[in-house]
Amino acid sequence: MTPSPLRLHKDLSRIWATGPGFQRLAAVNHTILGLRFMVTSAVFFAIGGVLSMMIRAQLATPHSAFIGPEIYNQIFTMHGTIMMFLFAIPMLEGLAIYLLPKMLGARDLAFPRMTAYGYWCYLFGGSILVIALILGVAPDSGWFMYTPLSSKPYSPGINADVWLLGVTFVEISALTMAVELTVSILKLRAPGMTLARMPIFAWYILVTAVMMVVGFPPLILASILLEVERAFDLPFFDATRGGDPLLWQHLFWLFGHPEVYIIFLPAAGALSIIIPTFAQRPLVGYRAVIVALVAMAFLSFGIWVHHMFTVGIPHMALAFFSAGSALVAVPTGVQIFAWLATLAHGRPRWDVPMLYVFGFFFVFVAGGLTGVMLAMVSFNWQAHDTHFVVAHLHYVLVGGFVFPMLAALYYWLPNVTGRQSVHRISVTAFWLIFIGFNLTFWHMHLTGLLGMPRRIYTYTEADGWTWLNLVSSMGGFILTMGFALVAMDILLQMRLGRRFRRDPWRAGTLEWAIATPPPPYAFASIPEVTERADRLPVREMGRSLAAGEGYLAHARNGWQETLGLHTTTGRPDQVVVLSRSTHLPLYTAIATCVVVLSLLFKVYWLALVGLAAVITLMLWTAQISGLRKDYGPLPIGHGIAVPPHTEVEGPPPWWALVMTLVADGTLFLSLIYGMFYLWLVAANWPPAAVMEPNLILTAVIAAGLVLPPLVARGALRANAKGRGILLWVGLAALGLAVAIAGLVFAIMQVPAPTRHAYSATTAAVLAYAVFHAGVGVLFLISNTLRWRAGFIAPRRGLDLRLTRLWLDYTAVTGVIGLGLVLVMPYLTEISGVQP
Amino acid sequence: MGRWLAVGAVVLVAGCDGPFSTLEPRGPAASSIANLWWGMLAGALILMALVLALFAFVMLAPKQASRIAPRHWIIWGGLGLPALVLPPLVGWSLVAGERLLPHPGADVAVVEVESFQFGWTFRYPEYGGIERDILHLPVGQPVDIHITTRDVIHAFWIPQLGGKLDAIPGHVNVLRLQADETGVYAGQCAEFCGTGHLPMRFETHVHAPEDLPAALGITAAADDQEEDQQP
Ligand code: HEM
Ligand SMILES: [Cu+2]
Ligand SMILES: [Cu+2]
């Protein structure tokens, strides 16, 4: 009983629509938000580009009087920060958000409201940074913010706080997107699309998202610690008080190196879709490429020290990191040769995207080769921190990200607009960019070898860098003209492009099976996939899906439905009912922004008010999530019926919490790493005073932490039997309250946290436990409210399982933390190896 | 042809000129690194030409290119090529790097460098802790530079003599340098350290060993002078 296609289209449109006017701010749809992410990041790219032009104008001639060091330092810091945090990462997120559901045969991502929240956080965080720039109080310690230059005594102004808080705000947005993308890839696909059948782009994004989940926490931790040091004088990085500036560098690059791959991999994923289309054959070495990119992800977490070759690390360690860094050439080579082989075994044809693929090959390979050079320790000692590195990093980032993204732009823009491009100026634009780029950066390697350090605001003729810089600046302006032409080209294509029916490139992936411009529900009905999903007969499928011949070809209960799969078998196991558009994400992000701003201006009472607002809004959001009734198996078409996600074992929220805890665990490990690092390496240990071990207090706290997980199990059993849970919830809350009280008391026992890093890290470990116990209480409050409202029932126990998982985590990390706090005083006695 | 080559060579050599040039080495460390660079440059250009040639090959003549099986592309390109290039390169670099380390030796002079926002002081323990703001070194003798900082991170760098090393609060880093010729060499701070990062330049005067005491202001009557030197 399929309804008429037109009727289906009308119904789905009504259900999935985002309203006009003010309602637009309530959008949660992946197509809209993916585009918003991309457009916003393009705006930030333009701002970063203007800054780079100011840099080039300043350096064009010696003795330039255009800008002085105070402003110059802000400009290059903001250029780097904007390009890395506000352009590259959000751009790739936007592309993934826009494309993934369409490629995987889903109607949206798993947590539409989270997408919206992530977008607003990004927009607000980025705006804080840019406004600071306009007001002349932008960060000015370089994009990696080395301490102690960025610490209070040497950066007394608000500048560094802007970086720490603004970037952390954006990072938290990136983290939510990473969790969402991971879960969506693992759960929301078309039936039959096993992991081994996913288009390779989804693999790239999966690996990237997991890398973000474990890569960002070290930086988030480091930023929090540094902000705490700046605001409350707790010494984590201050060498005079047992801290160590090198700890900052380790934590930063533990994030920073993987970051480069986080930026590169999605771009490579796009290439792995684009190249096969123009080679007119599927990707060669699909499995080899997956292995290569997983290897790359692992390697990238083990070689961060190559950014620190000149800090005075023992030579043996340097040899290890040097060899490891060179090894990255292997998985990179595998991918590059897989692409070459794809072209070799296909019938390659030229089009604008292929021009950028050529640009990629040229520029990225050059950047990779200089990367191998920089991995050689002794050469690094000369080239480090010179314009050689500036050239190298732009070859890698522009070659490995900007060129592929431009290829992607020309490749997928028709998907967005429903129009094809009218070549002419596209080709000119490409050559301007390609020539301009190389004219800017090719000989900048030499500038660096002639000894020009990075981050200097001018130079003299006697230094011998005059001509090289002048040519670079001219190249920079040609490059900019190229980008301006691309912008014009896009506008023209949106206005004048030729309309097309379906699949203009004769691609084989599902994003071309939908109507263009894409309707908000993407697929009128969801396809069944029986082979690798990068060589599908897209045109025929598109027709049959539009006719409602796939799954979920109905409008039921006004629900936004998509299918959830068993992760490995690819069989549908749940109907995922997604949330409708709402302003709550916007309000929550505004409240979060209030918190960030009040921390920035040190109005701490307001930060607490903001925090309360965030919590209230989140609890409120929870009150409108899920279903209040049991539905049992629901028909999804083709004679199959599966239950809604509220009634199954492994729904998306469960996986989201698991991924969140992976991120959280990485942060905890980083904290412990920091504690041990300072104990082993930092100067001015042991501390003058340590904490008296208090076994009774420790036992009380431990009991308070361990009781709730046990109680949570009782609550689950009670709920399964249809009995009330409030008694259990109350008992768990009591345990947490005891733990929190005990922990706060313990923190007050820590001797003078501002005096020594020992005390500061001890307090941090205890505060970590307080935070988690506190969030545990919120879980319990939410459980109470939602149980009352009928969301929690014998067959719908998900909330309670989430709570159990959180309490388990809290107990485990809390007990580990308590153990550390107990043994640390003894460990400090056996240090004493320091000068 | 020959003339063009000559002109090219002149341009190239002139292009490597400059007070901060790492390509005009005047000491064993800088020379070893410059050699490594030229070697790597040659290798990199060959590899780059190879990849671009392959790209042209597959785009223009896919028929011929498809004679190489897909698996072979990946194995030879992704595994074979790195296996051929990387071990010798890493080996070379490690051996060369090892030689640059401050191994203990009889004939090693010591200078203590303290950096600060924004400048340098150089102390000579051998000469009773004299302090100067120009670095004086003996020619032909290995010197261990002990690098520290009074405030933020800086980096000590004399490009013509060798690589740079950071000055990090709470740490002492030791850099081994040696100058092969007397003369004046330019040095600078290489780690961004604030608004005075650019002016943090210094001069290095390399003297014949017998001239060094005089350069440090130590005359025959050095003993009475030493008393008013602050330790
Ligand atoms: C559009 C053309 C671009 C030009 C002309 C340009 C130019 C420059 C220059 C001259 C510097 C060195 C400033 C100095 O050390 O004094 C620089 C630094 C940097 N650029 Fe770019 N850039 C461009 C695009 C990009 C892109 C696309 C990215 C990243 C995706 C990027 C990331 C960076 C980073 C991370 C730094 C280091 C900032 C620091 O030292 O703190 N740039 N850029
Ligand atoms: Cu790196
Ligand atoms: Cu400096």
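The values are calculated or read from the model by the stated rules, or taken from the named source; none is laboratory data. Everything quoted here is computed from the prediction, not taken from an experiment. Note: ideal-geometry Cβ built from the backbone for every residue, glycine included; neighbour counts use all protein chains shown. The accessibility values were calculated without ligands, DNA or RNA, using every heavy atom of the protein model including side chains. Shrake-Rupley method; radii C 1.70, N 1.55, O 1.52, S 1.80 Å.
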Q. With labels modelled as points extended 7 Å from the Cα through the Cβ direction, what inter-label distance (nm, one decimal) is found for residue B:38 paired with residue B:195?
A. 4.4
Q: Just tell me how shielded A:330-338 is by partners: mean number of partner chain Cβ atoms within 10 Å of each residue's Cβ, no decimals.
A: 6
Q.
On a straight-distance basis, which lysines could pair with residue B:164 in a cross-link, Cα separation under 29 angstrom, same-chain partners fewer than 8 positions away excluded?
A. A:152
Q: Can you tell me the FRET efficiency between residue A:625 and residue A:531 if r is taken as the Cβ-Cβ distance and R0 is 45 Å, rounded to the nearest 0.05?
A: 0.80
Q.
I need the Kirkwood Rh of the range B:97-184: take the reciprocal of the average 1/r across all distinct C-alpha pairs and report it in angstrom.
A. 13.4
Q | Hz values of 3J(HN,Hα) by residue in the range B:194-211 - Karplus curve (6.51, -1.76, 1.60), Gly and Pro given as x | A | x, 5, x, 4, 4, x, 7, 9, 8, 9, 10, 9, 9, 10, 5, x, 6, 8
Q: Compute the semi-axes of the equivalent ellipsoid of the range A:374-496, taking the square root of 5 times each eigenvalue of the Cα gyration tensor, and list them largest first in whole Å.
A: 35, 16, 9
Q: Taking only protein heavy atoms into account and a 1.4 Å probe, give the accessible area per residue of the range A:1-80 in Å².
A: 46
Q) Once the piece of chain linking residue A:196 and residue A:609 is laid out straight, how much longer is it, given 0.36 nm per residue of separation minus the C-alpha distance between them? A) 143.9 nm
Q: Using just the helices of chain A, give the 222 nm mean residue ellipticity in deg cm²/dmol: DSSP H runs with n ≥ 4 each add -39,500 (n - 2.57), and the total is spread over all residues, rounded to 500.
A: -22000 deg cm²/dmol
Q) What aspartates and glutamates could a cross-link reach from residue A:721, if we take a straight Cα to Cα line under 16 Å and drop same-chain neighbours fewer than 8 places away? A) A:630, A:647, A:799
Q | Placed amide H near residue B:173: partners under 5 Å, 5+ positions off or other chain | A | B:147, B:168
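Cα convex hull of the range A:677-747: how many Å³ per residue? Let's see the in-between values first.
Numbers: hull volume 7.4 nm³, N = 71.
In the range A:677-747, the Cα convex hull volume per residue is 105 Å³.
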Q. Can you list the residues of the range A:728-770 with backbone N under 16 Å from a point 7 Å past the Cα of residue A:822, pointing along Cα to Cβ?
A. A:743, A:746, A:766
**Q.** Under 15 Å from residue A:602, Cα to Cα: aspartates and glutamates that are on another chain or at least 8 residues apart
**A.** A:161, A:227, A:229, A:233
Q) Quick one: if you stick a label point 7 Å off each Cα along the C-beta vector at residue A:240 and residue A:435, how many nm between them? A) 5.7
(Q) Using a 10 Å cut-off around each Cβ of peptide A:239-245, what is the average number of partner chain Cβ atoms that fall inside? (A) 3
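Apply 1/(1 + (r/R0)^6) to the Cβ-Cβ distance of residue B:95 and residue B:203, taking R0 = 30 Å, and write down the FRET efficiency to the nearest 0.05.
Values: r = 33 Å, r/R0 = 1.09.
In this case the efficiency is close to 0.40.
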Q. The range A:451-550: which trypsin sites (Lys or Arg not before Pro) are DSSP loop and have at most 14 other beta-carbon atoms within 10 angstrom?
A. A:501, A:506
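Just subtract the alpha-carbon distance of residue A:641 and residue A:744 from 0.36 nm times their residue separation and send over the number in nm, one decimal.
Values: separation 103, 0.36 × 103 = 37.08 nm, distance 5.14 nm.
Extra length from residue A:641 to residue A:744 when fully extended: 31.9 nm.
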Q) Between the range B:176-202 and the range A:266-301, what's the alpha-carbon centroid distance in Å? A) 45
Q) Within the range A:163-268, which trypsin sites (Lys or Arg not before Pro) sit in a loop by DSSP and count at most 12 neighbouring Cβ atoms inside 10 Å? A) none
Q: Please list the equivalent ellipsoid semi-axes of the range A:188-283, computed as the square roots of five times the alpha-carbon gyration tensor eigenvalues, in descending order and whole angstrom.
A: 42, 14, 8
Q: Find out how many positive minus negative residues lie around residue A:343, taking Lys and Arg as positive, Asp and Glu as negative, among other residues whose Cβ is under 13 Å from that of residue A:343.
A: +4
Q: Mind grabbing the base-10 log of I(q)/I(0) for the range A:468-537 at q = 0.12, 0.18 Å⁻¹? Debye formula, identical points on the C-alpha positions, no solvent, two decimal places.
A: -0.58, -0.83
Q | Average projected area [Cα convex hull, chain B], square nanometres | A | 19.1
Q | Principal axis dimensions, the range A:292-409 - Cα atoms, whole angstrom, descending | A | 52, 28, 19
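On a 30 Å Cα-Cα criterion, which of the cross-link pairs A:102/B:63; A:187/A:629; A:187/B:63 come out too long?
Working: A:102/B:63 34 Å; A:187/A:629 23 Å; A:187/B:63 41 Å.
Flagged as over cut-off: A:102/B:63; A:187/B:63.
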Q | the range B:9-107 - convex hull of the alpha-carbon atoms, volume per residue in Å³ | A | 131
Q: Take the Cα of residue A:618, step 7 Å along the line toward its Cβ, and report every residue of the range A:205-222 whose backbone nitrogen sits under 20 Å from that point.
A: A:213-222
Q) Across the Cα atoms of the protein assembly as shown, what radius of gyration and what greatest pairwise Cα-Cα distance (Dmax) are found, in Å? A) 30.7, 111
Q.
Give me the one-decimal nm value for the distance between modelled label points at residue A:71 and residue B:121, 7 Å along each residue's Cα-to-Cβ direction.
A. 3.6
Q | Loop-resident sites, the range A:521-570, for chymotrypsin sites (Phe, Trp or Tyr not before Pro), counting at most 12 other Cβ within 10 Å (DSSP) | A | none
Q: For peptide B:48-56, compute the average count of partner chain beta-carbon atoms within 10 Å of each residue's beta-carbon.
A: 5
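Can you give the FRET efficiency to the nearest 0.05 for residue A:492 and residue A:601, using r as the Cβ-Cβ distance and R₀ = 56 Å?
0.80
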